[in-house]
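This report concerns only the one structure given below.
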Amino acid sequence: MNAWLRDGDEVAQEGTKGSCSKDDLRVLSLVASGKTNKDIAQELNVPPSIVALRLRKIYKRLNISRRAEAARCYAYLERDSPGHADPIH
């Protein structure tokens, strides 16, 4: 669990997929799917307080402050991920 929290402290370029670890993206995907901290904690087998702390670190790194922003950020990061095909306009 300590490693999971410590990994959340790694900082890269703000607002990019590089600033989010695989675990961060997992948490953001669960937030984007509408899960509560308690739901996320149960799924990841960690206490809800750890999820809340991890989210605060993610929010700070991405310069956001709300769950809705986290969901939008996740959607943006996933849209720009390699292998994601943009529809032809």
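Side notes on the structure shown:
- Karplus 3J(HN,Hα) series, Hz, for segment 39-56 with 6.51 cos²θ - 1.76 cosθ + 1.60 (x for Gly, Pro): 4, 4, 4, 5, 5, 8, 6, 9, x, x, 5, 5, 4, 4, 5, 4, 4, 4
- Modelled spin labels at Asp80 and Leu53, positioned 7 Å past Cα toward Cβ, are 3.0 nm from each other.
None of the figures in this text is laboratory data; all of them are computed from the coordinates on show. These numbers come from a predicted model, not from an experiment. Here Cβ is always computed from backbone atoms with ideal geometry, including for glycine, and neighbour counts include all displayed protein chains.
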